[in-house]
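Asker: One structure, pasted below without further comment.
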Amino acid sequence: MKKKIIFRADGNSEIGLGHLYRLFALVEMYKDEYDFVFLTKKDTLLDVIPLNYKVKTIPNHVNINREPIWVFENFPPEEYILIADGYQFVSAYQKKIKELGYILIYVDDLANEHMYADLVVNHSPHITDVQYKKEKYTKFALGTDYAILRPSFLKVSLGNRDIKSLSNVFVCFGGADKNNFTYKIMLELLNIPEIKKINLVVGGAYKYPEIFEVEKKNSKVKIFKNLNEKSLHTLMDTCNFAVAPTSTILLELISVNMYLVSGYYVENQRMAYYEFERRAVFKGLGDFNKYQFDFLKNHLINVSANDIKNQIEAQRMLIDGNQKRRFLKLMNKLS
């Protein structure tokens, strides 16, 4: 009997929505081949989970220490494989899940914990297995060959985009953007006459009203909230450059191909940032927490057509479109 999959992640305004969206991408890779349930805590922003997913919520009284037993009581390991994405799934959690008899896949971006998972996925371009503490049986799926991207973005990068100038910008800092970088960047982009359209993408956890007031007063600014996969891809395809952090959204932008400006603002983005910068797939701004945003104009006004071409050529080397095939192969071996 083919096993079913439990996809386990949380997301809200405090922790952001990145863990959810990564697992949504894996759901889309596996849902045609495997039955599944999406498992999350009750404080997750449930309305961002696609309506066609079967969702089960963990009761509030079940803390992270008790969770493995609760999972065991509701989803027998003989029937289910568990895929978890989140910083709360530390060594002790993984060890208990394995002791209960589950096949465990863990999506990681820190390489901090001792890994008890059967398979660890980390799509950061800099990571190697020697950076991990692990069990003898633990296997790895590392680097952009295993980029966790939704179907619209899993395409071979053919390099058919011919971008000469920067006039239509895409800006996204995740579903929460606790630091409101979206707003700060928008204000600076408004000072650049050559930019004709500023497309700002926010999620259900975004809580800053002032950005919507600017949209009402300035026709250049358009805000998009809670875009589905296809709408997000379509919007990216209309833009010729983007400002985004070194997170999964950057990998999606790389697959579309355009001039990119990026930085990092949390620790789990920092090493990936330096590796992407080394590979010249974007213009690097460093740590957004320390960046002086009034410098952004100087970073953009002198970009040449050759600068854009060189970036796109570097981007095409990272995403080959075969990620879904690789993930299906991994699951078939495990199950």
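Asker: Report the gain in length on full extension from SER219 to LEU334: 0.36 nm times residue separation, minus Cα-Cα distance, nm rounded to one decimal. Spell out each step's value before the answer.
Answerer: On the way: separation 115, 0.36 × 115 = 41.40 nm, distance 5.20 nm.
Gain in length upon complete extension: 36.2 nm.
Asker: Here is a further query. Mind scanning LYS2/LYS41; LYS139/LYS333; LYS155/LYS297 and naming the pairs with a C-alpha gap bigger than 23 Å?
Answerer: Values: LYS2/LYS41 26 Å; LYS139/LYS333 11 Å; LYS155/LYS297 32 Å.
LYS2/LYS41; LYS155/LYS297, as the Cα separations exceed 23 Å there.
Asker: Taking the simple approach of a point 7 Å from Cα along Cα-to-Cβ for both SER231 and LYS2, what is their distance in nm?
Answerer: 3.1 nm
Asker: Right, another one. I need the per residue convex hull volume for segment 150-309, using only the alpha carbons, in cubic angstrom as a whole number.
Answerer: Working: hull volume 18.0 nm³, N = 160.
It comes to 113 Å³ per residue, whole-number rounded.
Asker: Moving to a separate point now. Here are a few candidate values for P(r) over Cα pairs in 20 Å bins from 0, in percent: (1) 26, 41, 25, 8, 0; (2) 31, 56, 12, 0; (3) 26, 45, 21, 7, 1. Which one was actually calculated from the structure I just gave you?
Answerer: After the calculation, the listed value that fits is (2).
Asker: Using Cβ contacts closer than 10 Å as the measure, can you line up GLU33, GLU213 from fewest to most? Write out the running numbers ahead of the final one.
Answerer: Numbers: GLU33 13, GLU213 9.
Result, fewest neighbours first: GLU213, GLU33.
Asker: While we're on this one: What distance in nm separates the simple spin-label points at LEU110 and GLU73, each placed 7 Å from Cα in the Cβ direction?
Answerer: With each label placed 7 Å out from Cα toward Cβ, I get 2.8 nm.
Asker: A further question on this structure: Compute the relative contact order of the chain as a whole-number percentage, counting only Cα pairs closer than 8 Å that sit 6 or more residues apart in sequence. Don't jump to the answer; show the numbers that get you there.
Answerer: Working: 607 pairs, mean separation 58.4, N = 335.
Rounded, it is 17 percent for the chain.
Asker: Continuing with the same structure: Enter the Cα centre distance for the pair segment 25-65 and segment 303-335, rounded to the nearest angstrom.
Answerer: Segment 25-65 and segment 303-335 have Cα centres spaced 27 Å from each other.
Asker: While we're on this one: Could you work out how much longer the chain between ASN302 and LEU51 gets when fully extended? Use 0.36 nm per residue separation minus the Cα distance between them, nm to one decimal. Could the numbers behind the result be given before it?
Answerer: Values: separation 251, 0.36 × 251 = 90.36 nm, distance 4.46 nm.
In short, 85.9 nm is gained.
Asker: Measure out, as a whole number of angstrom, how far apart the alpha-carbon centroids of segment 199-265 and segment 67-120 sit.
Answerer: 33 Å
Asker: I want the antiparallel fraction of DSSP beta bridges within segment 103-155, as a percent rounded to 5.
Answerer: On the way: 0 of 9 bridges.
Just about 0 percent of them are antiparallel.
Asker: Averaging sequence separations of C-alpha pairs under 8 Å and six or more residues apart, then dividing by the length of segment 157-316, give the relative contact order as a whole percent. List each step's numbers first, then the result.
Answerer: Details: 254 pairs, mean separation 44.4, N = 160.
Reported relative contact order: 28 percent.
Asker: Another question about this same structure. For ASP85, ASP35, what's the fewest-to-most ordering of other Cβ within 10 Å of each Cβ? Write out the running numbers ahead of the final one.
Answerer: Details: ASP85 24, ASP35 13.
So the ranking, lowest neighbour count to highest, is ASP35, ASP85.
Asker: So, in nm, how far is label LYS309 from label THR128 when the simple model puts each one 7 Å beyond its Cα toward the Cβ?
Answerer: With each label point 7 Å from Cα toward Cβ, the separation is 3.5 nm.
Since every read-out is calculated from the coordinates, none of them should be taken as a lab result. Not measured: the values here are computed from a predicted model. Here the Cβ is made from the backbone with ideal geometry for all residues, glycine too, and neighbour counts use every protein chain on show.
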